[in-house]
Amino acid sequence: MGGVYITGLGAVTCLGSGVDRLWHGMTTGHSAPVPAEDPHAHVAQRLLYAVPPHAFAPSSAVGTAGAATRYAIESVRQAVADAGLGDAERRAAAVVAGTGMGQAGAQEHWRLSGYPDGDGDGPQWTSTFTLGAAVSAWLGADGPNTTVSNACAAGACAISLAADMVRAGEVPVAIALGAEAYSRVALACFDRLGALDPLSCRPFTSDRQGTVFGEGAAAVVLESAEYAEARSAPRVYSRVLGAGWTCDAYHPTAPEPDGAQIARAMSEALAEAGASVGDVGVIVPHGTGTHLNDLIESNVLAEVFGEHAAGIPLYSVKALLGHTGGAAGAIAAVAAVLILHKGVVPANVALGEQDPECGVWLPSRTAPCARDLALVNAYAFGGNNISLVLRRP
Amino acid sequence: MSGAALMITRCATVLPPEPRWARDGTRTSPPGWFDYKTELGPRGYKYLPPALHYLLTAARHALADGVGAAGVVLGTNSAVSALHAAMDRTVVQSHSAELSPMLAPYFSVNLAAGKLASEHRLTGFQLTLTSPRIAGLEAIQVAARALAMGRASCLLIAATEAAPDPAEPGADRGEEGAVVLVARPLSNVDASGAGVRSTAGSAGSSAALSGGGTCRARTFFVPPDAPHRAGEALAAAWAGLGLWDGGSAGGTSKWLRDGGSAGGISKWLPPDGGPRIVAVLDDSPVARRIAAALDGRARVIPAAAGCLEPLVQVAAALRAEREATVVLSASAEGNVATALVTPPGAV
């Protein structure tokens, strides 16, 4: 069998900690954003799908790390345990972390309360993007460590980059994750751009007014088939079969109107997977709740999937968890893996009337996932597009 | 396991005038060393962070003479650091309504590569790597893998940095400038006529590498609480790069067998010395162990705050006449990257 195996999963979301909580939330459809608890954030819209404060007990090793790093390490802890990785695999593992803002939330806190003391060697500038390194340090891993910051596509990029490392034979095991936490700067910039919905994240609805940020992290353990089989991995959830990376090269924030590059990302992912559109049983769209994004993604899905489009169910993760930024692609991938694994597409969160211009099928009742492939889309500011094709083992 | 190699056909830099650093390691770039209006034109670039000015200028140099590319792999640590701090002050002291709508999108660090992509219609893809200190060197490895897997036929490899917010600890060691390399798969380049043709502008310089230089890079991680593992990991990475004929001559294998992590590389290096080694290192425990493993065989350059200097050293090595160079760098957080750079004359 081709592709790279997914043998472990982890997730931290507004629903709490753990993949079981994520799936339970997906099947019950209950969530709600809350006002961001930041008295210093002078913004018009401040809703957030926040990770509950006591969702998990953070590792004692995280020190002064910010929330994004704590979420990242917790999701990786779950995934590593789920995959049954031993000390040797943990030490050899590559880590690829996707995050848009990294430790920005911690930096914002330090800006007001003072920076933590250094290590005694004089003041050292600390990058916002230390999240991936913190994960490898926690694991005690020697393998390559990459942090990729392609904004809201970063989590999916991390999975694709990690899968490529495994495919290239550079490492036998890679851990890919996406993580994001509240950032005052990110919230304020979206607020300034008028891109935040005052009610909730309502992708593909008629009266959507923008997105609503969420916090969270998700992690997957990726292995070559040979390695997973040799070590008798407890289970294989799914396989990463293909990925398509493209760039609009069009505008800082607006998607290319004809969606040519997001269409190419989907087509290239399917081609790399050796699959056809008729093989896809579920699509986890990017679908942020912003007017243009949802409209263009809907149009391109109709174009790429043609006569099959109407019969392929979509599951909108953001309708449940909000837009988790750099974690979104990884959380979407974990959701897609769960759908393939369970064989069921949960009912989408009931959000109101669907936009008739968004001609996609968002089942309001549980539907079977009748085919073996899932397509995951993730897009970002700067015209970054990535599509992943996952397959049941 | 060896890192895929790629061919560099052109490199361009935009850097402050030398010397860029004082003896104590602080930045010395004179005010006004870079004028975006002179380099990019009077219109359309006002509302961009400085790191984008540097990057776009270097890319124009690199893509002169009709050179094309499909995508970009960019490394940066501090491109939007100062912007974040300024925006944060506005939101805390005033309101988000006071933010510039033109600058607001650039809170997202990937907008640097995004702007570059839109300026040159790089629809292949763009990746923004932010791994501390090594993201520039790492971009070589990621680009080589992407080219080998057919995700593009020609890529830009870049690093750009801008001075962090002055209020942040260590900000006076922040970097300014950009490097852009044009990379292709080895098989796609005519290797005849090797040589370097350099040009210089007011703030940047560019070199066309006729015949192409080659680069390959490897990355690994040294847990900061286990810095003693640095030497062994470095040896494995260099074996992966194919240095010294790998273990076939007994060198690497012997070093590892002998417990190379406890000693330096001198007993492993060939007697004639091998390539020149340039190490961009700070004073962290990880970097100190790397430096110790290098046994004084490397020229050590004090690391600044970002990921630019290691790629600056790659560009310098590509412009060297004949000498192969190993460039390496490490972060206090544990990221380590090393690249083997072979200039055109030595291919």
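The values are calculated or read from the model by the stated rules, or taken from the named source; none is laboratory data. What you are looking at is a predicted structure, and each value in this text was computed from that prediction instead of being measured. Note: ideal-geometry Cβ built from the backbone for every residue, glycine included; neighbour counts use all protein chains shown.
Considering region B:285-337, the residues that are among the small types (Gly, Ala, Ser) and on the phi > 0 side of the Ramachandran plot include one that is surrounded by the most Cβ atoms within 10 Å (Cβ to Cβ), namely B:334. Of all residues in region B:82-108, none that is on the phi > 0 side of the Ramachandran plot has its Cβ atom under 6 Å from the Cβ atom of a residue that is among the small types (Gly, Ala, Ser) and surrounded by 16 or more Cβ atoms within 10 Å (Cβ to Cβ), 6 or more apart or on another chain.
Annotation note: Cβ proximity below 8 Å between a residue of region A:165-182 that is within 7 Å of another protein chain (Cβ to nearest Cβ) and a residue that is among the hydroxyl-bearing types (Ser, Thr, Tyr) (sequence gap 6+ or interchain) occurs for A:169/A:224.
Spot the failing condition for residue A:260; the list is (1) buried (at least 24 other Cβ atoms within 10 Å of the Cβ); (2) free of Cβ contacts under 8 Å to residues at least 24 places away in the same chain, and only one is missed. It fails just one condition, (1). With respect to the conditions (1) modelled with pLDDT of 95 or more; (2) farther than 28 Å from residue B:236 by Cα, residue A:113 falls short on a single one, namely (1). So, residue B:103, is that one in contact with a Phe, Trp or Tyr (Cβ under 9 Å, 6 or more places away or on another chain), surrounded by fewer than 24 Cβ atoms within 10 Å (Cβ to Cβ) and not small (Gly, Ala, Ser) or not? Judged against the criteria, residue B:103 is a match. Residues considered: B:135, B:117, B:112. Of these, the only one that is in contact with a Gly (Cβ under 8 Å, 6 or more places away or on another chain) and under 17 Å from residue A:129 (Cα atoms) is B:135.
Can you find even one residue in region A:266-273 that is assigned to a strand (DSSP E or B), surrounded by 24 or more Cβ atoms within 10 Å (Cβ to Cβ) and either among the hydroxyl-bearing types (Ser, Thr, Tyr) or touching a residue at least 60 places away in the same chain (Cβ under 8 Å) (or both)? No, region A:266-273 contains no residue that is assigned to a strand (DSSP E or B), surrounded by 24 or more Cβ atoms within 10 Å (Cβ to Cβ) and either among the hydroxyl-bearing types (Ser, Thr, Tyr) or touching a residue at least 60 places away in the same chain (Cβ under 8 Å) (or both).
Rundown of residues vs (1) modelled with pLDDT of 95 or more; (2) within 13 Å of another protein chain (Cβ to nearest Cβ), yes/no style:
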| site | (1), (2) |
| --- | --- |
| B:129 | yes, yes |
| B:177 | yes, no |
| B:192 | no, no |
| B:201 | no, no |
| B:210 | no, no |
| B:217 | yes, yes |
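In the set (1) more than 7 Å from chain B (Cβ to nearest Cβ); (2) touching a Ser or Thr at 6+ places or on another chain (Cβ under 6 Å); (3) buried (at least 24 other Cβ atoms within 10 Å of the Cβ); (4) not aromatic (Phe, Trp, Tyr), the condition left unmet by residue A:156 is number (2). Filtered by the rule that a residue be at the interface with chain B (Cβ under 7 Å from one of its Cβ atoms) and touching a residue at least 60 places away in the same chain (Cβ under 8 Å), region A:138-153 gives A:149, A:150, A:151. Give region A:197-227 a look and list any residue that's buried (at least 24 other Cβ atoms within 10 Å of the Cβ) and aliphatic (A, V, I, L, M), or say none. Within region A:197-227, A:212, A:217, A:218, A:219, A:220, A:221, A:222 meet the criteria. Checked against (1) at positive phi; (2) of a type outside the set (Lys, Arg); (3) in contact with a Pro (Cβ under 6 Å, 6 or more places away or on another chain), residue A:216 meets all criteria but (3). Exactly one residue among B:66, B:25 is without any contact (Cβ under 8 Å) to a residue 24 or more places away in the chain and either touching a helix residue (DSSP H, G or I) at 6+ places or on another chain (Cβ under 6 Å) or farther than 30 Å from residue A:166 by Cα (or both), and that residue is B:66. Counting only residues that are part of a loop (DSSP other than H, G, I, E, B) and more than 14 Å from every other protein chain (Cβ to nearest Cβ), which one in region B:1-21 is surrounded by the most Cβ atoms within 10 Å (Cβ to Cβ)? Among those residues, the one meeting the criterion is B:15. Restricted to helices (runs of 4 or more DSSP H) entirely inside region A:21-122, those with at least 3 residues that are without any contact (Cβ under 8 Å) to a residue 12 or more places away in the chain and within 14 Å of another protein chain (Cβ to nearest Cβ) are A:104-113. For the residues A:380, A:309, A:367, A:374, the requirement of being closer than 30 Å to residue A:189 by Cα and of a type outside the set (Ser, Thr, Tyr) singles out A:380.
All of B:81, B:108, B:100 fail the test of being in contact with a helix residue (DSSP H, G or I) (Cβ under 7 Å, 6 or more places away or on another chain), at the interface with chain A (Cβ under 9 Å from one of its Cβ atoms) and modelled with pLDDT of 95 or more, apart from B:108. State yes or no: is residue B:76 at pLDDT below 95 and within 14 Å of chain A (Cβ to nearest Cβ)? Considered against the rule, which asks whether it is at pLDDT below 95 and within 14 Å of chain A (Cβ to nearest Cβ), residue B:76 comes out as no. Taken over region B:121-147, the criterion of being of a type outside the set (A, V, I, L, M, F, W, C) and either part of a loop (DSSP other than H, G, I, E, B) or in contact (Cβ under 8 Å) with a residue 60 or more places away in the chain (or both) is satisfied by B:121, B:123, B:124, B:130, B:131, B:132, B:133, B:136, B:138, B:141, B:145.
Just to be sure, is residue A:71 closer than 16 Å to residue A:331 by Cβ and in contact with a Leu (Cβ under 7 Å, 6 or more places away or on another chain)? So residue A:71 fails the test. Scanning region B:26-42 for residues that are under 21 Å from the mean Cα position of the chain (by Cα) and buried (at least 17 other Cβ atoms within 10 Å of the Cβ), which turns out farthest from residue B:53 (Cα to Cα)? So, considering only residues that are under 21 Å from the mean Cα position of the chain (by Cα) and buried (at least 17 other Cβ atoms within 10 Å of the Cβ), the one farthest from residue B:53 (Cα to Cα) is B:27.
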